[in-house]
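This report refers to the structure that appears directly beneath it.
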Amino acid sequence: MIDFRYHLVSLIAVFLAIALGIVIGTTQLNGPVTDNLKGQVSSLEQDKRSLEDSTRQLQAQRDSGDAFETAVAPALVNGALAGRSVVLVITNDQVTTNTVEDVTALVGKAGGTVNGTLRLQPQYSDPSSASSLESYVTGSGLPAGVQLPETGDAGQLVAALLAQVLMAPAAGPPPSTADLSSVLAGLSALSVLSQDSASVTPADYAVVLTAGGFQRSEAGQRNATLIQLAAALDAAGSGAVVAGDTASAQDNGMVGVLRSDPTTSAAVSSVDNVDTIAGQISTVLALGREGEGTSGKYGTGQDTQPVPPVPSATP
């Protein structure tokens, strides 16, 4: 008869055999598994070094390209804005100081002058500001001679007012500096814009600088208000260019929305890489083209030209 002790010894023997099998199997596998893992690690390290080398090469190429563009930019834009003036309008805080300074400097290299820089506050395109803006624009404190469209759209009314005091018409006398100062003071009091430069005087052209986009829920209405301003500035002066970064060319950005409107994009030029030297060159050259009555889409986006045609040198 098999007793309990026999069963116990048998179970112990089975578990010992299993344990011994695991030990032997692990010992046999350790070498190949370890070698395989070491090989994978070595391969990943080589891939990482290759990627780092490629990144350094691409960065060096980009730096070289930027240096070349910086060197040739003054020659490319030379005379494009000779004797003309430009006002800069910044739409949001995502536009960098470097971009503003670089565009200002290149306008100077083109023979032009930046007459001032305005910064729109978020309240400018906020639908909740419409009532106070409409009250101001339709009030009695506006400069004499201002003609506003017959509409209840506050964005269109403010755009028309700003354009009439900010832009010098292609034919006829420019607006008075006193009228412009009065309107800027009134709108500043409503916290919809501020003045970034020491002074702002009427100009021939406008560059509307933008970056990024709005939240999807509010993008449509806010962008529409900004585009109304760009269109009004373009119509009142010698031309306007909306210049932004790549993100602004998306469907929630000002450049993207402008380009989706066939009518406005046929009148107002756009640039989608103004944060680069090439985009800044395009912005300045596009102003010159606007003065000739030609608008275009420039940059790296779909259906764009890399840069506007460079004006022929005068003999």
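Could you grab me the full set of residues in the range 106-149 that are among the hydroxyl-bearing types (Ser, Thr, Tyr) and touching a residue at least 24 places away in the same chain (Cβ under 8 Å)? Don't jump to the end; show me each part of the working.
Restricting attention to the range 106-149, the residues satisfying the condition of being among the hydroxyl-bearing types (Ser, Thr, Tyr) are 113, 117, 124-125, 128-129, 131-132, 135-136, 138, 140.
Residues satisfying the conditions are THR113, THR117, TYR124, SER125, SER129, SER132, TYR136.
Would you call PRO169 in a loop (DSSP other than H, G, I, E, B) and without any contact (Cβ under 8 Å) to a residue 60 or more places away in the chain? Please lay out each step first, then the result.
Working: in a loop (DSSP other than H, G, I, E, B): yes; without any contact (Cβ under 8 Å) to a residue 60 or more places away in the chain: no.
Considered against the rule, which asks whether it is in a loop (DSSP other than H, G, I, E, B) and without any contact (Cβ under 8 Å) to a residue 60 or more places away in the chain, PRO169 comes out as no.
Test GLN221 against the stated conditions and say whether it is at pLDDT 95 or above, under 17 Å from ASN92 (Cα atoms), over 16 Å from the mean Cα position of the chain (by Cα) and open to solvent by 40 Å² or more (accessible area, probe 1.4 Å).
Working: at pLDDT 95 or above: no; under 17 Å from ASN92 (Cα atoms): yes; over 16 Å from the mean Cα position of the chain (by Cα): yes; open to solvent by 40 Å² or more (accessible area, probe 1.4 Å): yes.
Criteria not met by GLN221.
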Failed criterion for ASP251 (all others in (1) charged (D, E, K, R); (2) touching a Lys or Arg at 6+ places or on another chain (Cβ under 8 Å); (3) surrounded by fewer than 20 Cβ atoms within 10 Å (Cβ to Cβ) hold):
(2)
Unmet requirement for ASP261, which otherwise passes all of (1) of a type outside the set (Val, Ile, Thr); (2) open to solvent by 40 Å² or more (accessible area, probe 1.4 Å); (3) touching an Asp or Glu at 6+ places or on another chain (Cβ under 6 Å)
(3)
Among the residues of the range 209-218, write down those that are surrounded by fewer than 21 Cβ atoms within 10 Å (Cβ to Cβ) and either of a type in the set (D, E, K, R) or touching a residue at least 12 places away in the same chain (Cβ under 8 Å) (or both).
GLY212, PHE214, GLN215, ARG216, GLU218
In the range 276-290, anything crowded, with 24+ Cβ neighbours inside 10 Å and among the charged types (D, E, K, R) is listed as GLU290
Cβ pairs under 8 Å, 6+ apart, first in the range 224-243 and farther than 14 Å from VAL257 by Cβ and in contact (Cβ under 8 Å) with a residue 12 or more places away in the chain, second polar (S, T, N, Q) and in a strand (DSSP E or B)
GLY239/SER269; ALA240/SER269; VAL241/SER269; VAL241/SER270; ALA243/SER270
If I ask for residues that are β-branched (Val, Ile, Thr) and either crowded, with 20+ Cβ neighbours inside 10 Å or assigned to a helix (DSSP H, G or I) (or both), which ones from the range 95-113 would you list?
VAL95, THR97, THR99, VAL100, VAL103, THR104, VAL107
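How about the range 186-208: which of its residues are among the small types (Gly, Ala, Ser) and either assigned to a loop (DSSP other than H, G, I, E, B) or surrounded by fewer than 23 Cβ atoms within 10 Å (Cβ to Cβ) (or both)? Show your work before the answer.
So the first thing to find is which residues in the range 186-208 are among the small types (Gly, Ala, Ser), and the list is 186, 188-189, 191, 194, 197-199, 203, 206.
Listed by number, the residues that qualify are GLY186, SER188, ALA189, SER191, SER194, SER197, ALA198, SER199.
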Within the range 119-127, does at least one residue satisfy the condition of being open to solvent by 30 Å² or more (accessible area, probe 1.4 Å) and among the hydroxyl-bearing types (Ser, Thr, Tyr)?
no
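The values are calculated or read from the model by the stated rules, or taken from the named source; none is laboratory data. Quantities reported herein were computed from a predicted structural model and do not represent experimental measurements. Cβ coordinates were reconstructed from backbone atoms using ideal geometry, including for glycine residues, and neighbour counts include every protein chain displayed. Protein only, heavy atoms only, side chains kept; ligands, DNA and RNA dropped before computing areas. Shrake-Rupley method; radii C 1.70, N 1.55, O 1.52, S 1.80 Å.
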